[in-house]
Amino acid sequence: MTITSEPPTESPYLSVVRSPEQDTSTARATIACVIPAYNEQDSIAEVLNALLDQTRLPDVIHVVINNTDDETFFVAREFAGPHQRTYRDTTQVTEVFIHDIGVNKDKKVGALNYGFAQVCDDYDYFLGVDGDTVVDQYAVEHLEKEILSDPRIGGISAIYTVAELERKGLTAKFLTAGQRAQFAAFNMDNLLRGRNMAVLGGQCSLLSMDALKNVMIDNRQSTPWVKDSEVEDSLLSLQIKNLGYATKISAAARASVGGMNTLRSLDGQQVKWNYGAIDLMWPGQRSNTPGQPLHPNLRLRWSENISMVFNILTRISFLMLLAASLSINAYVFYPVWLIPPVVAIILNLRIALSIKGKSGRDIAFALLAFPAEAYLWLRMGHFVRAWSKFFARAQTDNWAAQARAERGAGSAHLMPAIVLAVIAGGVIFAWLQMSVDLRSAILSIGWPILYITTMVQTVFMLRKALRGHRGFHV
């Protein structure tokens, strides 16, 4: 019998199995990057340089400039054309296209859909990057590996944080620290929920082109993004989830986004975000988008809103009861009231320590307590403004309102403080008209209710402060 040194190439009894990593013949997935840009002259060059320095270059980059009245186009056009980069002895190539679509009534939604139309037929994945988002050098590589690892993933978002400021004023640094803590807490909550991302943020997310096309078919849309919602990325995330896809947050891909540096601009952004989330959460049909209160992607939103209600009630109740007690010399300090702020500091410190690339300012923001408390009061104002606009059914363009705020126009951000002052004045006047017996009765009921509510809140804070982060960093 003759034994051959090589197996026959064709036999029903033989097979050679290779994993995708080992199979060098497997076709490479293709990624198209689209950058909607509105007045991004100060950041667009850094954004493009970061994308062109990736360990895994996008196969094509389309910058879609819209409604812009600054020099964004002239800065971006310097990058137009082919580019190549050699990494690990492999040369990668990409092309950058610059589109200035002028006045676009659909704003960012219109820019995203314009970019989608340029790439939808030729690429496997859609990488959306905001015009002020600087991605980490390995971000695209990590996003691609993770989305390819499971065909059930319809989209995956990077972990994003607000970039540190070097030469801005005290207010801007305070707001930056607050936004960094806010984003860190949001991202950690998503990471610890099985890395299920409630919102595939437009800052930096990789989306399956098939998922986007299926969203269009299933919802009878001509484009993936629609202008019905104030938060186009949240709505799209819900629609992708409704089709059975998973929406995930990356464990490793990172990006730095531009923050809001003034009280006006922060108010405009946060009110728009909150209003859009409420619109998706609240039951009933508005425009073409029905509310989906029980949607799994909105559970974290409900949790945030319920928590904010309790934050408002406990803080305002404490201030009112404290003032009322002092007015009749009935206040007695109990050390137990120090427990909630101490637990809050521990929780804020854990969040700060979880930030990758954390700074001394992040730690100080948590330890000093007052900055975090002041930022929470700002968020409470944004929360009240958003819900008030929603229930008032005010037909306002929140995109335009945010743009005006970023330009330094408008005073709507002062409204919560004005309303609070008016309410406080009315309460003080009513209190002074009451008899001593009635005042005592109110205090005897009010303080125990506040004790119980604060204890419950403290338990939830302590639970979050003590939970394991499983090695995740935000």
Exercise. Residues in the range 140-151: is at least one in a loop (DSSP other than H, G, I, E, B) and not hydroxyl-bearing (Ser, Thr, Tyr)?
Worked result: yes
Problem set entry | Lys173 being touching a residue at least 60 places away in the same chain (Cβ under 8 Å), part of a loop (DSSP other than H, G, I, E, B) and over 30 Å from Pro151 (Cβ atoms) | no
Exercise. Which residue pairs have Cβ atoms under 9 Å apart, sit 6 or more places apart or on different chains, and have a first residue in the range 327-340 that is within 17 Å of Val436 (Cβ to Cβ) and a second that is of a type in the set (Phe, Trp, Tyr)?
Worked result: Ser327/Trp431
For this session: Answer yes if at least one residue in the range 71-92 is of a type in the set (S, T, N, Q), farther than 24 Å from Ile147 by Cα and buried (at least 20 other Cβ atoms within 10 Å of the Cβ), and no otherwise.
Result: yes
Problem set entry | Residue among Asp124, Asp136, Asp150, Asp106 that is surrounded by fewer than 24 Cβ atoms within 10 Å (Cβ to Cβ), closer than 22 Å to Asn49 by Cα and in contact (Cβ under 8 Å) with a residue 24 or more places away in the chain | Asp136
Exercise. Scanning for something part of a strand (DSSP E or B), over 14 Å from Ala139 (Cβ atoms) and touching a residue at least 40 places away in the same chain (Cβ under 8 Å), does the range 43-60 turn up at least one residue?
Worked result: yes
Exercise. Of all the residues that make up the range 426-460, how many are of a type outside the set (A, V, I, L, M, F, W, C) and under 41 Å from the mean Cα position of the chain (by Cα)?
Worked result: 8
Exercise. Mind checking which residues of the range 461-474 are out of contact with any Lys or Arg (no Cβ under 9 Å at 6 or more places or on another chain) and without any contact (Cβ under 8 Å) to a residue 12 or more places away in the chain?
Worked result: Arg463, Gly468, Gly471
Exercise. Restricting to the range 261-295, what's the tally of residues that are under 17 Å from the mean Cα position of the chain (by Cα) and not in a loop (DSSP other than H, G, I, E, B)?
Worked result: 17
For this session: Give the residue, chosen from Leu298, Leu338, Leu294, that is modelled with pLDDT of 90 or more and more than 30 Å from Leu165 (Cα to Cα).
Result: Leu338
For this session: Specify which of the listed residues (Ser237, Ser157, Ser222, Ser229) is part of a loop (DSSP other than H, G, I, E, B), of a type in the set (S, T, N, Q) and touching a residue at least 12 places away in the same chain (Cβ under 8 Å).
Result: Ser229
Problem set entry | Check on Ala369, modelled with pLDDT of 85 or more and on the phi > 0 side of the Ramachandran plot | yes
Problem set entry | Complete set of residues in the range 153-197 that are of a type in the set (Lys, Arg) and surrounded by 22 or more Cβ atoms within 10 Å (Cβ to Cβ) | Arg180
For this session: Could you grab the pairs with beta carbons closer than 7 Å, sequence gap of 6+ or different chains, first residue in the range 425-452 and touching a residue at least 40 places away in the same chain (Cβ under 8 Å) and more than 14 Å from Leu321 (Cα to Cα), second one among the basic types (Lys, Arg) and loosely packed, with under 13 Cβ neighbours inside 10 Å?
Result: none
Exercise. Can you find a residue in the range 141-152 that is of a type in the set (A, V, I, L, M) and within 24 Å of Ala344 (Cβ to Cβ)?
Worked result: no
Exercise. Would you pick out the residues in the range 110-143 that are touching a Cys at 6+ places or on another chain (Cβ under 6 Å) and over 15 Å from Gly155 (Cβ atoms)?
Worked result: Thr133, Val135
For this session: Take the residues in the range 410-425 that are aliphatic (A, V, I, L, M) and surrounded by 14 or more Cβ atoms within 10 Å (Cβ to Cβ), then tell me which one is nearest to Val271 (Cα to Cα).
Result: Ala412
Exercise. Any chance the range 334-351 includes a residue that's touching a strand residue (DSSP E or B) at 6+ places or on another chain (Cβ under 8 Å), of a type outside the set (Ser, Thr, Tyr) and assigned by TED's automatic domain parsing to the domain that holds Ile423?
Worked result: no
Problem set entry | Residue ID - surrounded by the fewest Cβ atoms within 10 Å (Cβ to Cβ), chosen from residues in the range 7-37 that are of a type outside the set (A, V, I, L, M) and modelled with pLDDT of 95 or more | Thr30
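The values are calculated or read from the model by the stated rules, or taken from the named source; none is laboratory data. Quantities reported herein were computed from a predicted structural model and do not represent experimental measurements. Counting neighbours? That spans all protein chains shown, and the Cβs are built from the backbone with ideal geometry, glycine included.
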